[in-house]
Every structure is written in structure tokens, then in C-alpha cells.
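Heads up: the structure comes next, in C-alpha cells.
The values are calculated or read from the model by the stated rules, or taken from the named source; none is laboratory data. As the structure is a computational prediction, the values presented were derived from the model and not from experiment. Every residue, glycine among them, receives a Cβ derived from its backbone with ideal geometry; neighbour counts consider all protein chains shown.
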Amino acid sequence: MSLRRLSLGLFAALVAGTAVAQTAVRPAPLKSGIEFTGAEVRALQNDEFANPAMLWVLRGTALWTQPAGKDNRSCASCHGDATTGMKSVATHYPQIDKSSGSLINLEGRIQQCRERRQNASPLKYESEELLGLTAFVRMQSRGMPLAISIDGPARAYFERGRDFYYKRVGQMNLACAHCHQDNWGKKLGPEIISQGHGNPYPGYRLEWQTMGSLHRRFRSCLSGVRAEMLPQGAPEYLDLELYLAWRSGNLPVETPGVRR
Amino acid sequence: MAARIAVPANARRGDNIEIRVAIQHPMETGYRTDDNGTAIPKNVINKLACRYNGVEVFRAEMGSGISANPYLSFFIVAGSSGELRFDWVDDSGVAGSERAAILVAG
């Protein structure tokens, strides 16, 4: 084999190597981000009153029964008492929406309900209202592990999410996996790198001094590695949300969580 | 401004009782700028007072060093049954208030 053929062959092998799909793996043992935050933040999250995210939940609780839109219907008009009607519902998101056949998360479902059932104007993704409602609904599944499906039509979304997770991006040329899969538990500046689970969101971040969605958290990470930040609700983020939901295994929902 | 107040519903006369207050507020420091570089004016809850049956029993004067969504906790001595009233105002003049009933035995 000539040198030229050999180098071509090597090149082909390299290209093939990068194209090989990463196998989806969960970190072991699974640890919620709350285990990396320190005692003070843990205490803040566990104290039902002091937890600042509860202020948004309070808003969501009020919105649940507040009529909206042209049809003057509230969430409660159809779903009734959220403590029973919404129990464990959030554990099945993101899921394939039957009407459109595409992936939808909890925020998307609330928006769809507003549009189709309430005849109301959509809420902005990161608005106080949508954060409040999403946190309120998801809180009804607190303590329960996620139970999403990655089979059938969800498979393609899951695989795209996994590819996003392992794809190097930005000026720092890092993938999600480089920090949260390969190096969790080690220090990054003063912080301990967590496993990067989505279980506390929507949640309160002390860095933000406010409540934020999981997609806002994605944007923070992408900003950190100096990559392009996509808008909240972007299809890529939905794929990633599904992958992370699978990756969190049996970790319980912690919404409304508190993080540094 | 959403707010949460925690007052024990029942107390005995002479008891020290804990009062907890959490208010949703950005507590804008005045040191930040927006995306265009324009300074965001300072806007914090500068005063919060708690009156117990009309008598002021606690007052806080806050500044830009207090974090967003302030959470305060303090103790008062239970006197007689009645009402606790909380009033606060921020730099932009927006005021808020909450009230809570308390039942004192003995």
C-alpha cells in the first residue's frame, strides 16, 4: 500500500470515527445536582417557605384557576384540582404530541392548551406566568422519577439529543459530556461540576437571582463554552431535554429546585 | 409583587413567635446596565414594617446589598389576638401589603 493510499485510509478512518454515534450512557452513581450545591442551598431548597422559587409557584397556583382567553376558561375548568389531576403528569414530558407527531415539553403543552382550549394568547417562554405555571404543574410530580418514552417516534429525537450532548461546540470546543459526563465531581473554578440533570427546573438559580427554565440553563452552559445560544423552545433544546430526561434515570423531580 | 407571610395561627401569651416574610422583587442594585449599556436605576424595597394590632413591632430599612426576592425572619412576643399587618414600599414608589390573623390564648 502506497503512503498516499495509507494516509487516505487513515483519513477515512478518522472521519468514520467521528461519525460513529456515541452510545448513550448515564453517569454512575446518579447524583442530583443538589448534592453538589452545599448545605446552605440544600436547606434553602428543602425549606418550603424560604425556597424563593415558591414565590413563582404561588403565581402559578393563582393562574391555574384564573380564567383566560376568549373562552374565559381556566386550567382548572378542564383539569380540576391540580394536586390530583396533575399528579405525575410532568414525569411523562417531553413526549410526542399526538396531534402534530412532534416532540413537545411541558411548557409547550401549556402553550398548546392556552391556544386550543382557552383561545388565549401564548405566553413568552421565559415569562413569569409560564415559569409559574410550569413550576406549579411540575411540582405535582415532586419526588417522582421521570417516566419518558424514547421508543417509536421519540427515538429520532432521542438520538439527536444524544448527538447534541456529545458534539463539541463553541470557541472552547467542548461538548456537554466533557464536563457533565467525564468530569463531574471535579472543580471548575470554585464550583463542583454537577452531572447536569434537569430535575430541579423550572428552578431558582442564585446566580440569576430569579427563576428560570431548563432551556435558560442550556443557554447559560452554551454561553459558558462560547457557543451559539439558541432561543428557548428551540427544537435542538427539546431533543436535548428528552436525552437528559432519559439520562436522569430514576432521579426524582425536584421542581421547584434551588441551585447556585 | 407576590409575597408570602408565615405567622403561627395559634400562640400562647408571652410566647416568642417567629414571623417570616418573603417578597418577590428584583432588588435592582443600580450598579447594573442593560444590553445597550444604559444604567438600570436602583430599585429596592427600602422599607418594610410590621404592625401588630396597630403598633409597629418591627421595621427593616433595606439597601442595594440585599439579594433579590428578600426573605426576612424575626421574632415578636405574642400579646393579644388580632392582626399582623405588613407594609413595604420600593424606590419606584410601588407599595405592597399583607395581613395575617393570630389567635393568642391565655
Specify which of the listed residues (B:Arg20, B:Arg12) is surrounded by fewer than 17 Cβ atoms within 10 Å (Cβ to Cβ), among the basic types (Lys, Arg), over 16 Å from A:Gln209 (Cβ atoms) and within 14 Å of chain A (Cβ to nearest Cβ). B:Arg20
Go through the range B:18-44 and report how many residues are among the β-branched types (Val, Ile, Thr) and part of a loop (DSSP other than H, G, I, E, B). 4
Please identify the pairs in which a residue from the range A:81-107 that is hydroxyl-bearing (Ser, Thr, Tyr) has its Cβ atom under 7 Å from the Cβ atom of a residue that is assigned to a helix (DSSP H, G or I), counting only partners at least 6 apart or on another chain. A:Tyr93/A:Leu106; A:Tyr93/A:Arg109
Being under 28 Å from B:Tyr31 (Cβ atoms), more than 14 Å from chain A (Cβ to nearest Cβ) and assigned to a strand (DSSP E or B) is the filter here, so list the residues in the range B:89-100 that pass it. B:Val89, B:Asp90, B:Ala95
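Given the condition without any contact (Cβ under 8 Å) to a residue 40 or more places away in the chain, more than 15 Å from B:Gln24 (Cβ to Cβ), away from chain A (no Cβ under 14 Å) and surrounded by 12 or more Cβ atoms within 10 Å (Cβ to Cβ), answer yes or no: does some residue in the range B:72-80 qualify?
no
Okay, residues lined up against (1) among the hydroxyl-bearing types (Ser, Thr, Tyr); (2) crowded, with 18+ Cβ neighbours inside 10 Å; (3) away from every other protein chain (no Cβ under 14 Å):
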| site | (1), (2), (3) |
| --- | --- |
| A:His197 | no, yes, yes |
| A:Pro200 | no, yes, yes |
| A:Glu207 | no, no, no |
| A:Arg216 | no, yes, yes |
| A:Val225 | no, no, yes |
| A:Gly233 | no, no, yes |
| A:Leu238 | no, yes, yes |
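Taking helices (runs of 4 or more DSSP H) that do not extend beyond the range A:10-129, which have at least 3 residues that are within 14 Å of chain B (Cβ to nearest Cβ) and at pLDDT 95 or above?
Output list reads A:39-46, A:54-64.
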Could you tell me whether any residue of the range A:200-210 is touching a strand residue (DSSP E or B) at 6+ places or on another chain (Cβ under 7 Å), part of a loop (DSSP other than H, G, I, E, B) and over 28 Å from B:Ile66 (Cα atoms)? no
